[in-house]
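Colleague: Before we start, here is the structure in question, set down as structure tokens.
The values are calculated or read from the model by the stated rules, or taken from the named source; none is laboratory data. Predicted model only: the values in this text are computed from it and were never measured. All Cβ positions, glycine included, derive from the backbone under ideal geometry; neighbour counts span all protein chains shown.
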Amino acid sequence: MKIISAEFITSAVKPPQYPETVLPEIAFAGRSNVGKSSLINTLVNRKNLVKTSSTPGRTQLINFFHINQVLSFVDLPGFGYARVPAAIKKTWGKMIETYLTSRKELKGVVLLMDIRRDEPNPAEKDLIAWLDYNQIPRIIVLTKADKFSTIKRIDHHKRLSKALAMPPEAVIVFSAKTRMGKERLWDEILSLCQTSETEPQQGATDE
Ligand SMILES: Nc1nc2c(ncn2[C@@H]2O[C@H](COP(=O)(O)OP(=O)(O)OP(=O)(O)O)[C@@H](O)[C@H]2O)c(=O)[nH]1
Ligand SMILES: [Mg+2]
């Protein structure tokens, strides 16, 4: 997709603070430090639209961005960051759950997992099961693919797909560094954004 504009709209903790919009929205979720903010920057060809950090837990609010004024991206705070106190962890979980269940414009969630993991962790499995139960479409992305040799990458792609009971073709391998998987991910995002409401209006969609 050709990026004409990508702008930060606002940060929110609760629904009254969410921006009022009719744009189809895609949220990005995953453990702290997995590369959510970097992935958004890669998708929109910006180095610093979204702040990234080597310190886990950098993104603490729900951040909204508008892309080309036709699409909304939401960078969610990471889960599973061990050094966050339990009380805050609870609030975070609630904040994310409220967003995911109440946001009408939400078309789907991109769930990021580090390709270097041997298996999905319980929090990731729980989130997938929860999204499926709530009928929220999801795209699974394995990040930081550049950290592996080709052989290991293929091996972990197969292994993690199997653990998620998904065919490898359905799981996207991605790198913010090399931009591997970027076009494929855009295709999947755009196809989620054109579901149900736009489908009956044939010929109404643009590039
Ligand atoms: N080599 C490599 N490093 C990456 C990649 N994606 C992210 N990183 C690095 O991983 C660290 C965390 O990236 P972020 O994008 O800030 O991660 P995040 O998921 O937004 O983290 P939180 O906001 O803390 O939840 C940074 O140091 C990034 O430079 C990638 O594809 N390849
Ligand atoms: Mg972040």
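Colleague: Only one of (1) under 21 Å from I172 (Cβ atoms); (2) over 15 Å from the mean Cα position of the chain (by Cα); (3) surrounded by 17 or more Cβ atoms within 10 Å (Cβ to Cβ) is not met by Y18, so which one is it?
Modeller: Single failed check for Y18: (1).
Colleague: Going by the conditions given, is V70 within 14 Å of ligand 2 (Cβ to nearest atom), of a type outside the set (D, E) and modelled with pLDDT of 90 or more?
Modeller: The answer is no for V70.
Colleague: Let me ask something else about it. Does L131 satisfy being at pLDDT 95 or above and within 16 Å of the chain's Cα centre (by Cα)?
Modeller: Against the criterion (at pLDDT 95 or above and within 16 Å of the chain's Cα centre (by Cα)), L131 does not qualify.
Colleague: Same structure, new question: Output the helices (runs of 4 or more DSSP H) that fall wholly within segment 108-195 and possess 2 or more residues being among the basic types (K, R), or say none.
Modeller: Ranges flagged: 150-163, 182-193.
Colleague: Still on this model: Would you check if there is a residue in segment 142-153 being within 15 Å of ligand 1 (Cβ to nearest atom), surrounded by 14 or more Cβ atoms within 10 Å (Cβ to Cβ) and among the acidic types (D, E)?
Modeller: Yes, that holds for at least one residue.
Colleague: In addition: Could you list, in sequence order, the residues of segment 31-48 that are farther than 21 Å from N121 by Cα, assigned to a helix (DSSP H, G or I), among the hydrophobic types (A, V, I, L, M, F, W, C) and more than 9 Å from ligand 2 (Cβ to nearest atom)?
Modeller: Within segment 31-48, L43 is the sole residue that qualifies.
Colleague: Looking at this structure, is L43 within 8 Å of ligand 1 (Cβ to nearest atom), modelled with pLDDT of 95 or more and crowded, with 20+ Cβ neighbours inside 10 Å?
Modeller: Criteria not met by L43.
Colleague: Another question, if that's okay. Looking only at segment 19-29, which residues are in contact with a Phe, Trp or Tyr (Cβ under 7 Å, 6 or more places away or on another chain) and outside any strand (DSSP E or B)?
Modeller: Residue satisfying the conditions is P19 alone.
Colleague: If I ask for residues that are closer than 14 Å to N63 by Cα and more than 6 Å from ligand 1 (Cβ to nearest atom), which ones from segment 22-38 would you list?
Modeller: Hits for segment 22-38 are E25, I26, A27, F28, A29.
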